[in-house]
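First the structure, in the form of C-alpha cells, and then the observations on it.
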Amino acid sequence: MRSASPDRLDAMFAALADPTRRSIMERLAARGELSVGDIAEPFRISAPAISRHLQVLERAGLIERRTERQWRLVRMRREALKPVESWLTRQHRHWSDALDRLEALAAADTPKRRKS
Amino acid sequence: MNDRVLELERLIPAPPERLFAYWTEPDLLVKWFGPEGFDIPSHRLDVRPGGRWSTTMRAPDGKLRTVSGIYNTVDPPRRLVFTWGWDDDSGVRGHETEVTVTFEPTPGGTRLKLVQQVFQGKEVRDLHNGGWAGSFNKLQRVAASS
C-alpha cells in the first residue's frame, strides 16, 4: 500500500476542518454511497456550493464519484485513511467489500434497458 | 447516528428478484459474500424461517473463520432477516447480532439497505480506542485499508 505524502495529509486535514464537509463524510461513512441530491438535501446551501465541497473532498482523495444511469453517485474511498482496526471496523469492511462484489456481479448479469 | 448499529445502502442496477437470489442461492452467494481476497470453502444455507446458515471463509493468509446464524424472516424479493455470529479462535460462537436486508425497487434497479445491530458495548468501545475525536469515529469504520 502507498503511504500518504505530507502534502496529501495536509489536504486531507484541511478538507475535514470544515463542518459541512465533515458532515458529508459522516453521512457517506454511515450510508455507503449517496447521490449528489441526497448529499445536498440536509444543507441550506446552493448546489454550486455543495459541488465545491465535493471537489475539495475529491482532491484530498477522500471521496470518489461515478455516474450510474440517471444517478450521480458519491462514495467514500475506503483506502483513504488508515483506521485503527477494531471488530466493528472489520465487520464494516466485510459488508462493504462484499456489497461491492455483489453490485458488480448483479449489474453484469442484468441486461441494460435503454431509455425510450 | 447510533454507534451500536451498522447501516449500509447501495443503489444497484439490477432488479430485486435477481439480487434476492444472490443472497439466498448458495452458488450465487459464494461469489461475493466476504471481504476482497477471501473465498468460501464450505457453506450451508437452509433459507426458510428458522433455518440455519453458516459459511466458512478463507483469508488470503489461509486462516479460516466461520460465521453462522438463523433466518428469522425470508420474504422474497423484499426482505431478509438473519442472525449473525462469528466463531472465535477456539470455535466458540461469539456475540450475536441481527442483519436486516431490504430490497426496494427503484426506476433503475434496487435500493439495497443493510442494517446490522446491536453491537455490544465492548465492540463499540474497541472502535473508540483509537483516540479519534467524535466526528471521526464513523469515518474509521469505512476507512479500512486494503
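Since every read-out is calculated from the coordinates, none of them should be taken as a lab result. Computed from a prediction, not measured in an experiment: that's the story for all the values here. When we count neighbours, we look across all protein chains shown, and the Cβ atoms used for this are built from the backbone with ideal geometry, even at glycine.
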| note | Taking placed amide H atoms and a strict 5 Å upper bound, the residues 5 or more places from residue A:63 or on another chain that come that close are A:58, A:77
| Residues of B:101-111, mean number of Cβ from any other protein chain within 10 Å of their own Cβ, rounded to a whole number? | 2
| All Cα pairs of the range A:6-82, percent lying beyond 14 Å | 58
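Treating the beta-carbon of each Lys and Arg as +1 and of each Asp and Glu as -1, no other charges, what is the dipole magnitude of the range B:6-119 about its Cα centre, to the nearest 20 debye?
Numbers: 14 positive and 16 negative charges, 47 e Å.
The calculated dipole for the range B:6-119 is roughly 220 debye.
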| task | Provide A:43, B:33 in ascending order of the number of other Cβ atoms located within 10 Å of each residue's Cβ, fewest first. | result | A:43, B:33
| request: List every residue whose amide H lies under 5 Å from the amide H of residue B:93, counting only residues 5 or more places away in sequence or on a different chain, with H placed 1.01 Å from N in the peptide plane. | output: B:88
| Applying 1/(1 + (r/R0)^6) with R0 = 25 Å to the Cβ-Cβ distance of residue B:61 and residue A:77, what FRET efficiency is obtained, to the nearest 0.05? | 0.50
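How large is the convex hull of the Cα atoms of the range B:6-119 per residue, expressed in Å³ as a whole number?
On the way: hull volume 11.6 nm³, N = 114.
Looking at the range B:6-119, the number lands at 102 Å³ per residue.
Give me the dipole magnitude in Debye, nearest 20, for the range A:6-82 about the Cα centre, with unit charges on the beta carbon: positive for Lys and Arg, negative for Asp and Glu. Let's see the in-between values first.
On the way: 16 positive and 11 negative charges, 23 e Å.
Dipole of the range A:6-82, to the nearest 20 debye: 100 debye.
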